[in-house]
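Enquirer: There's a structure below that I have some questions on.
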Amino acid sequence: MRIAAIADDYTGASDLANTWAKNGLVTIQTIGIPEGLDVSGADALVVSFKIRSVPAAEAVAAAIRAWDWLTARGFDHVMYKVCSTFDSTDEGNIGPVTDALRARAGAALTLVTPAFPETKRTLYKGHLFVEDVLLSESPLRNHPLNPMHDPNLVRVLGRQTPDPVGLLDLATIRAGDAAVAARLDALAGEGVRSVIADAVAESDLDVLGRAAGAMPVSTGASGLGLGLARASGLGGGAVPASAPTTGPSAIVVGSCSARSLEQVAAAEAVMPVLRLDPDRLVAGEAIAEALDWARERIKAGPVLVAASGEPDAVRAVQARHGREAASAAIEAGLASLAEGLVAAGVTRLVVAGGETSGAVVDRLGIAGFRLGPEIAPGVPVLVTLGHEPPLAMALKSGNFGGADFFAQALTRL
Ligand SMILES: Nc1ncnc2c1ncn2[C@@H]1O[C@H](COP(=O)(O)OP(=O)(O)O)[C@@H](O)[C@H]1O
Ligand SMILES: O=C(O)[C@@H](O)C(=O)COP(=O)(O)O
């Protein structure tokens, strides 16, 4: 079974590609549909889009294009990679894309689970836990673009799709493959189209990987990816080797997630850190000065530039400028900054934040990545394909990595 994924953001794509690569699948992460890239040697392909927060019709159109491209090239199963914290709004895009891919594949059901036990995202009776608390009590309640206030994913997904959503509960999963198959048949008979699946341990994801792998499409995060990898029968490839690059390094942070804020604070002890004024960023100012500041320092060592703010400050910025406008302007500013840093010789670049990574990678015109070793669960070293000179990068999801992630990442790039 050759497996592929359509990822709704670039950090999430690198997280899944990391799971597949470290399980021995030869994996390539592409940016969009890889028209000009040779991917023939890959067991597994992750096509990255920036479609988590765009209008649903746009997300559906991109996903369907990728589905057609992947299935025409012999991929047997395609997973829609969403966030392990189910980041989405009532308008989508998890429901609309899941429905559209199911219809395109002619499938009766889609299994949906964001569980990722390695990073402490678990699902019980349809309720998503992030570490020790429900999703709605986790820092995700303050996300700048998709604040998550409801931990019951049957309900959350139910608001994103006209079709009934069912639950495959842990007891059935623990009863094994036959019990799961019987329950899925019963749910399909009741008219259910999307099934939220519990999972607390990786062994639950082995069962779900086998069930999902028997269908053409699924929706999930790295945990389901692990189950699919194990079910695929592939996995003989070498675990990615370290590929240290020399040259100046920099870190660009647009994530406002609690973990990223902690990591920026920790970096202050070990490298120069510049915190940007978000109002000036929205006004299109501040980047030229930030670039001058960074250029003066990168020959001596790494620098970090952050736009990030605490939840109250982010809400205030959004109230002044509008949520979408503020996000788009800040992302564009950070993309210009990254472009300037690479032009100034930076070859080792860490970007924190999914939307931010999308904006930066697009601006740099990167076609895809080969996978390097894991830095922290969910965050691998990425080596650019089709960029001269090659860059060593890490795209850090908002809530991943320990407090010292940034310093740690630079020792691996
Ligand atoms: N100080 C700020 N005020 C308002 N929005 C901000 C600020 N700093 C960054 N942002 C925006 O917040 C969003 C963070 O999302 P993202 O990059 O996906 O991070 P995460 O991975 O943590 O979700 C981006 O759109 C970014 O431009
Ligand atoms: O599944 C996950 O948690 C990550 O892969 C992911 O998608 C995180 O998104 P961002 O926090 O927006 O980077």
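Enquirer: Give me the one-decimal Kirkwood hydrodynamic radius in Å for the range 1-151, with the sum taken over alpha-carbon pairs.
Expert: Details: mean 1/r = 0.0626 Å⁻¹.
Taking every pair of different Cα atoms in the range 1-151, averaging 1/r and inverting gives 16.0 Å.
Enquirer: What translational diffusion coefficient, to the nearest whole µm²/s, does the range 282-336 have by Stokes-Einstein, given a Kirkwood radius computed over alpha-carbon pairs, a temperature of 4 °C and 1.567 mPa s viscosity?
Expert: The diffusion coefficient I find is 104 µm²/s.
Enquirer: What is the fewest-to-most order of S222, S357, S232 by other Cβ atoms lying within 10 Å of their Cβ?
Expert: With the fewest neighbours first, S222, S357, S232 line up as S232, S222, S357.
Enquirer: Binning at 5 Å from 0, report for the range 249-412 what percent of all alpha-carbon pair distances ends up in each bin.
Expert: So the P(r) values, bin by bin, are 2, 9, 20, 24, 22, 15, 7, 2, 0.
Enquirer: Please report how far the C-alpha centroid of the range 281-297 lies from that of the range 105-141, rounded to the nearest whole angstrom.
Expert: About 39 Å separates the Cα centre of the range 281-297 from the one of the range 105-141.
Enquirer: If you consider only alpha-carbon coordinates, what radius of gyration and Dmax does the chain have, in Å?
Expert: 20.3, 66
Enquirer: Step through the table entries K50/K81; K81/K396; K22/K120; K120/K396; K50/K396; K50/K120, compare each Cα-Cα distance with 23 Å, and write down the pairs that go over it.
Expert: K50/K120
Just so you know, all these numbers are worked out from the coordinates, no wet-lab data involved. Here the structure is a predicted model, which means the values were calculated and not measured. Note: ideal-geometry Cβ built from the backbone for every residue, glycine included; neighbour counts use all protein chains shown.
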